[in-house]
Amino acid sequence: YSLKTAVIEKENDVADGTTMANSAIVHTGYDPEEGTLKGKLNVRGAQLYPSVCEQLHCHRKEVGAFVAACGEEEEKHLELLADRADKRKIPYRWLTGKQARKQEKNLSDSVTKVIDFYTTSVIYPWEVARACMENAVINGTELYLNQEVVRIDRKDNSFTVHTATNEFETRFVINCAGLGCEKI
């Protein structure tokens with residue numbers, strides 16, 4: 001692509017904020033409500049992670065995820081998750097409490113039914129973020145560290161992004177500020 005791109009990072013390195021404290025679970029997309037962008041992107045992201053991790057030489061491990069129910073009332077919620085998984089073509093299998101306890105010895109005796117989302121994986125979030133940034137820099141992205149964005153001014157067809165020490169003129173802004181995104 002014929003682009004000039006920049007990443008403006010508040011910290012002294014990428015992935016030092018929310019990413020570093022991430023749970024590391026690559027969510028398969030069964031949980032978000034129907035019709036949401038989050039549901040769509042969870043599914044697509046989970047599908048892309050195997051090839052992204054392979055291309056960037058990042059660790060990824062399929063560990064599966066149990067969603068457990070203790071009794072009929074909670075089993076109804078499992079049915080809702082299974083319905084979402086079916087619509088989004090997310091693989092899963094049903095297990096009885098007994099079957100699940102054979103796989104997970106620490107599972108409570110009160111568990112009656114489990115959905116096993118066996119393709120759920122985990123990654124090292126910091127490793128993936130750093131590898132993505134390294135790849136972007138190799139491909140021409142400019143990285144500006146220690147540059148907290150304090151304000152963005154909109155003009156007719158562009159934006160001025162202000163940090164404490166610099167101004168950046170751009171036609172497009174993608175706000176990836178994690179927990180701080182609402183401040184900008």
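Before moving on, here are some points about what is shown:
- Scanning segment 148-181 for residues being among the aromatic types (F, W, Y) and surrounded by 10 or more Cβ atoms within 10 Å (Cβ to Cβ) gives a total of 2.
- Residues that are over 14 Å from D13 (Cβ atoms), part of a helix (DSSP H, G or I) and in contact with a helix residue (DSSP H, G or I) (Cβ under 6 Å, 6 or more places away or on another chain), drawn from segment 131-176: none
- Among the residues of segment 1-56, just one is of a type in the set (D, E, K, R) and touching an Asp or Glu at 6+ places or on another chain (Cβ under 7 Å), namely K10.
- Residue match in segment 103-124 (condition: within 23 Å of E9 (Cβ to Cβ) and hydrophobic (A, V, I, L, M, F, W, C)): yes
- C181 vs. criteria closer than 30 Å to V14 by Cβ and part of a helix (DSSP H, G or I): yes
- Whichever residue in segment 4-18 is open to solvent by 50 Å² or more (accessible area, probe 1.4 Å) and out of contact with any strand residue (DSSP E or B) (no Cβ under 9 Å at 6 or more places or on another chain) and, among such residues, is farthest from I138 (Cα to Cα): T18
- Each residue in segment 20-49 was checked for being in contact with a Lys or Arg (Cβ under 9 Å, 6 or more places away or on another chain), part of a helix (DSSP H, G or I) and open to solvent by less than 50 Å² (accessible area, probe 1.4 Å), and 3 pass.
- Each residue in segment 115-130 was checked for being of a type outside the set (F, W, Y) and either closer than 26 Å to L78 by Cβ or part of a strand (DSSP E or B) (or both), and 7 pass.
- Every test in (1) in a loop (DSSP other than H, G, I, E, B); (2) open to solvent by less than 50 Å² (accessible area, probe 1.4 Å) is passed by Y1 save one, and that test is (2).
- Tally of residues being in a loop (DSSP other than H, G, I, E, B) and open to solvent by 90 Å² or more (accessible area, probe 1.4 Å) across segment 50-102: 3
- Close pairs (6 angstrom Cβ cut-off, 6 or more residues apart or separate chains): on the phi < 0 side of the Ramachandran plot and of a type in the set (D, E, K, R) in segment 44-60, assigned to a helix (DSSP H, G or I) and surrounded by 12 or more Cβ atoms within 10 Å (Cβ to Cβ) anywhere: R60/C53
- Near pairs, Cβ below 7 angstrom, 6+ apart or cross-chain, from segment 11-40 (free of Cβ contacts under 8 Å to residues at least 60 places away in the same chain and farther than 23 Å from K61 by Cα) to any residue that is of a type in the set (K, R) and open to solvent by less than 40 Å² (accessible area, probe 1.4 Å): E34/R84
The values are calculated or read from the model by the stated rules, or taken from the named source; none is laboratory data. Here the structure is a predicted model, which is why all the values come from computation and not from measurement. Note that each Cβ is placed from the backbone with ideal geometry, even for glycine, and that neighbours are counted across all protein chains shown. Side chains included, ligands, DNA and RNA excluded: accessible areas come from the protein's heavy atoms. Shrake-Rupley method; radii C 1.70, N 1.55, O 1.52, S 1.80 Å.
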